[in-house]
Amino acid sequence: MKRFLLSLCLFFSLTALAEEQTVVLISIDGFRHDYIEKHDAKNIRAIAEAGVRAEGLIPVYPSKTFPNHLSIVTGQYPANHGIVDNNFYDKERQQRYRMGDGVEDSTWLTTLPIWNLAEFQGVKAATFFWPESEARINGRTASYYYNYSTPTPNRQRVEQIIDWLKLPAAARPRIVTGYFSVVDTMGHRFGPDAHQVKGAVQHVDQLIGELWQRLNNEVDVPVNLILVSDHGMTPIKADQMIDEDSLPVDKSLFETVNSQTRFMLYAKEGTTEAQIAAQRERLLKLPNKTFSIESNQVLSSLGVKPGPRKADIILAAEAPVTFTGRPPESRKDGGTHGFYGNRDMDGIFITAGPAINANAELDRFSNIHIYPFMAELLGLELMTEIDGDSEVLAPLINNN
């Protein structure tokens, strides 16, 4: 009997990708790598035990929501997909980008997300929220998508994913994305250790458990579930926040953007290299400063490239320090992300399904490697240069 079962497993292992596979990619915003144990996410733990769980998912720099969600679905560093932070300035355009601006003007994005890759090769895609998934990138969207609306009930997202996967074959998507924001929201308000975060984790855990059960019991096609998060969360302190107005910055020479964990200075047209150097020196000489100035060498190692969206001077804080524009009376302890080299920034990566080798083991890895993995599961050919490496997650696929 044991020999028969082993032979059966080998048969399915070799033939899993002979069928057309479906991928459901779910992001739980702000779900730190250790929340499964810390906040007792039983259903997500069970899915991990049925498949593969990485030691951690390393976010791209900066560990912010929009750049990381785009890196997950493009396999590119932010410098290449275009969304280099949640909020930033472009010196060529002389415009500021704010979260979601690509919906109205898709020229902010210079990339090919997985739903476009699929659609261009005749595979239908669906997105129930994903940062910038409503944008008409390369002239098109997924076949099915929703305009982002925070109040949309979380359970509706599960229902819609199942309904899409029950469509007739000609109309059914084979790549579906879903997104939950509540864990991140509670993490920011109360910090990662709070009971409110535990409540949010357990709420989403219940929904993921329902989704997993229904994918296995109600859907007639082979579905591989991928659970990710864009970043983790770490505590911050109100009494250690740096008032941006206390920084000696000449705003006649620089546009500034406060990204909470980073404060960025962009040279205005006409600002000289000497003036940039003088401004840098003035900031370096501040006594008792609780920030550092990023070097070009470090930025390059993190995938940052020269260009109009790269700030000329970047001030970086380390947790629990952040930058703020709020008056002291409205500052509160809480949580945030956006740091690097901090294990608290790691998210999760879990995958399970008929095409997944559940015996594989996976260390921490960068989220840029998920895109070629999904393309392989879907049988899609890459159409653009990416930063991710298909070999990193190749051991997870059953036909290897």
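Side notes on the structure shown:
- Residues (surrounded by fewer than 16 Cβ atoms within 10 Å (Cβ to Cβ) and farther than 24 Å from Ala79 by Cα) located in region 271-307: Ala274, Ala278, Glu281, Arg282, Leu284, Lys285, Leu286, Pro287, Asn288, Lys289, Thr290
- Residue in region 103-118 that is within 19 Å of the chain's Cα centre (by Cα), over 30 Å from Glu20 (Cβ atoms) and of a type in the set (Asp, Glu) present: no
- Conditions (1) touching an Asp or Glu at 6+ places or on another chain (Cβ under 8 Å); (2) crowded, with 24+ Cβ neighbours inside 10 Å; (3) under 18 Å from Asn367 (Cβ atoms); number of the one not met by Leu109: (2)
- Count of residues meeting criterion [surrounded by 18 or more Cβ atoms within 10 Å (Cβ to Cβ) and in contact with a helix residue (DSSP H, G or I) (Cβ under 7 Å, 6 or more places away or on another chain)] in region 145-161: 2
- Of all residues in region 309-330, those being more than 23 Å from the chain's Cα centre (by Cα) and either assigned to a loop (DSSP other than H, G, I, E, B) or not hydrophobic (A, V, I, L, M, F, W, C) (or both) number 8.
- Of everything listed in (1) over 19 Å from Val304 (Cα atoms); (2) of a type in the set (Val, Ile, Thr); (3) buried (at least 21 other Cβ atoms within 10 Å of the Cβ), the single unmet condition for Val392 is (3).
- Of all residues in region 244-270 being loosely packed, with under 15 Cβ neighbours inside 10 Å and among the small types (Gly, Ala, Ser), the one that is nearest to Lys91 (Cα to Cα): Gly270
- Among residues of region 284-306 that are in contact (Cβ under 8 Å) with a residue 40 or more places away in the chain and of a type in the set (Ser, Thr, Tyr), those with a Cβ under 9 angstrom from a residue that is surrounded by 12 or more Cβ atoms within 10 Å (Cβ to Cβ) and in a strand (DSSP E or B), sequence gap 6+ or separate chain, pair up as Thr290/Ile242; Thr290/Ala317.
- Residue in region 370-386 that is under 30 Å from His188 (Cα atoms), charged (D, E, K, R) and touching a residue at least 12 places away in the same chain (Cβ under 8 Å) present: no
- Of the residues making up region 323-353, those that are under 26 Å from Leu396 (Cα atoms) and either crowded, with 18+ Cβ neighbours inside 10 Å or of a type in the set (Asp, Glu) (or both) number 10.
- Inspection of region 179-195 finds a residue satisfying the criterion of being part of a loop (DSSP other than H, G, I, E, B), under 20 Å from the mean Cα position of the chain (by Cα), at pLDDT 95 or above and under 30 Å from Glu218 (Cα atoms).
- Qualifying residue in region 21-37 (condition: over 17 Å from the mean Cα position of the chain (by Cα), more than 30 Å from Thr141 (Cβ to Cβ), modelled with pLDDT under 95 and not in a strand (DSSP E or B)): no
- Yes/no for Glu391 being modelled with pLDDT of 95 or more and either assigned to a helix (DSSP H, G or I) or basic (Lys, Arg) (or both): yes
The values are calculated or read from the model by the stated rules, or taken from the named source; none is laboratory data. Computed from a predicted structure; not experimentally measured. FYI the Cβ positions are ideal-geometry reconstructions off the backbone, even for glycines, and counts take in every protein chain you see.
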